[in-house]
Each structure stands twice: as C-alpha cells, then as structure tokens.
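Since the structure comes first, as structure tokens, the remarks are kept for the end.
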Amino acid sequence: MSIDDYITERVKGGECMSVNELVNDVAARFNISRGQAAYEVLRLWKSGVIDIEDYPYDNLLPYFFTVSGLWYWVIVALTATSLASVILIHNPPLIYLRYALGALIVLFLPGYTLVEALYPRGDELTPLERLALSIGLSLAVEPLIGLILNYTPWGIRLTPILTSTVILILALATVAAVRKARLLVIGRRCLS
C-alpha cells in the first residue's frame, strides 16, 4: 500500500484525529521522518484528495503569531519602512533608498497583497506568475487610487496618495491573512 493510499484510507475512515496524530502514524508505519510524513499530508491536502476542517480557535488572531503568519508582518514592516523613507529622507546619498522603497510601495506591494488575497492557497499560481501579476495589478491599482483622489478635496498630492496606498496595502494584507488562516492547518483538526 502506498503512502497516498494509506493516508486517504485513514482520513476517509471517519474517525476524528489531529493532523499531528496522522503525521506520527504515517511516519511510524512507513519508517520515514515526521517532516516527510507532514509533507505527504500537506501535498494530499493541497491537491484536494483530503480535506482539513474545523478551525480550532474562536477567532483568527493566533494565525498572526505563527510561522505561517510571518509574511503578514514582513509586509507591514516593508510598508512602514517604505513610508518612513519617503517621508523622512530628502538628501543624498540616502535619496536612492527612498527611490527604491518608494518604488516597492507603489509598483509591487499593492498588487502582491491583492494577489495574496485572491489566491490564498499558494499553489494556484507559480512564483513567476505571482510576481508578474503583482507588478501588473499594482500598475492597474495605482491609477485608480489617483482617479478617486482626484475627485476628493485632498487631490493628487504625495500625502493623500501615500496614505491611501498604505491603507490599501494593509487592508488587502489583512484580508489575505484571514483567508490564509482559514486554509492552514493550525493545532488540532478533524480530517474528513
């Protein structure tokens, strides 16, 4: 019996077990490492062969403090660093850092967070497709922000554009994190 068949049979058996219990069982049965067993379970879950259900927490907050939620804090830190550099740096030689981080906040982060919100599983797109979509969607979203700001009392100036872009990035990152938290295996889950 192959590993795939064994995992599928155990999951479809109807008993409620944790992912940890399944990984330990597969590792012991096939004499492989827990990491390899976890990889096999994750692969079957991502391909849709098995399903992991029942989010174990009352709220989604614990996801933000796991290794899986680390990407969210990286986006927040990049956004804050970019914002600070655009506001505070005005003289050479650090002006080039301002240009680089300003380009990151305008040309990459809005599209990246939108792609993460639209495709939370991570296996729907290749990394190259994610990169291309991130840049393309950023180039599509920024003119829309400018168009909307043109009809507001603030107009198209640095502060309103920067503020609205940062708000958009943080909002989309939060939506993406919530969608990812609902998909990931955290703690005890029942398998079906």
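The values are calculated or read from the model by the stated rules, or taken from the named source; none is laboratory data. Keep in mind the model is a prediction, meaning the values are calculated, not measured. Here the Cβ positions follow ideal geometry from the backbone for every residue, glycine too, while neighbour counts run over all protein chains shown.
Considering (1) aliphatic (A, V, I, L, M); (2) surrounded by 16 or more Cβ atoms within 10 Å (Cβ to Cβ); (3) more than 22 Å from Ala171 (Cα to Cα), the lone condition that Val106 does not fulfil carries the number (3).
Return the total of residues in the stretch 156-182 being in a loop (DSSP other than H, G, I, E, B) and aliphatic (A, V, I, L, M).
Quick first cut of the stretch 156-182, residues in a loop (DSSP other than H, G, I, E, B) only: 156-157.
If we keep only those that are aliphatic (A, V, I, L, M) too, we end up with 156.
Within the stretch 156-182, residues that are in a loop (DSSP other than H, G, I, E, B) and aliphatic (A, V, I, L, M) number 1.
Could you tell me which residue of the stretch 77-92 is farthest from Arg121 (Cα to Cα), considering only residues that are in contact (Cβ under 8 Å) with a residue 60 or more places away in the chain and in contact with a helix residue (DSSP H, G or I) (Cβ under 7 Å, 6 or more places away or on another chain)? Walk me through it before giving the result.
If we filter the stretch 77-92 for residues that are in contact (Cβ under 8 Å) with a residue 60 or more places away in the chain, which is where we start, we get 79, 83, 86-87.
With the extra rule that they be in contact with a helix residue (DSSP H, G or I) (Cβ under 7 Å, 6 or more places away or on another chain), the set shrinks to 79, 83, 86.
On the way: Thr79: 23, Leu83: 29, Val86: 33 Å.
Checking each candidate, the answer is Val86.
Set side by side, the residues Pro153, Pro120, Pro110, Pro92 differ, and just one is of a type outside the set (Lys, Arg), within 16 Å of Ile75 (Cα to Cα) and not in a helix (DSSP H, G or I), which is Pro120. Scanning for something within 20 Å of the chain's Cα centre (by Cα), not assigned by TED's automatic domain parsing to the domain that holds Arg43 and not in a helix (DSSP H, G or I), does the stretch 130-150 turn up at least one residue? The answer is no, given that none of the residues of the stretch 130-150 is within 20 Å of the chain's Cα centre (by Cα), not assigned by TED's automatic domain parsing to the domain that holds Arg43 and not in a helix (DSSP H, G or I).
Quick one: count up the residues across the stretch 109-132 that are crowded, with 19+ Cβ neighbours inside 10 Å and either of a type in the set (A, V, I, L, M, F, W, C) or touching a strand residue (DSSP E or B) at 6+ places or on another chain (Cβ under 7 Å) (or both).
Step one: list which residues in the stretch 109-132 are crowded, with 19+ Cβ neighbours inside 10 Å, which gives 109-116.
Still in the list and also either of a type in the set (A, V, I, L, M, F, W, C) or touching a strand residue (DSSP E or B) at 6+ places or on another chain (Cβ under 7 Å) (or both): 109, 114-115.
Here the count works out to 3.
If you go through the stretch 38-75 and pick out every residue that is more than 14 Å from Lys180 (Cβ to Cβ), part of a helix (DSSP H, G or I) and either at pLDDT 90 or above or among the hydroxyl-bearing types (Ser, Thr, Tyr) (or both), you end up with 1.
Here is a check on your reading of the model: is Ile135 of a type outside the set (Asp, Glu) and surrounded by 17 or more Cβ atoms within 10 Å (Cβ to Cβ)? I'd like the intermediate steps shown before the answer.
Values: of a type outside the set (Asp, Glu): yes; surrounded by 17 or more Cβ atoms within 10 Å (Cβ to Cβ): no.
So Ile135 does not fit the description; no.
Annotation note: Cβ proximity below 9 Å between a residue of the stretch 167-179 that is at negative phi and in contact (Cβ under 8 Å) with a residue 24 or more places away in the chain and a residue that is among the acidic types (Asp, Glu) and part of a helix (DSSP H, G or I) (sequence gap 6+ or interchain) occurs for Leu172/Glu116; Ala173/Glu116; Val175/Glu116; Ala176/Glu116; Ala177/Glu116; Arg179/Glu116.
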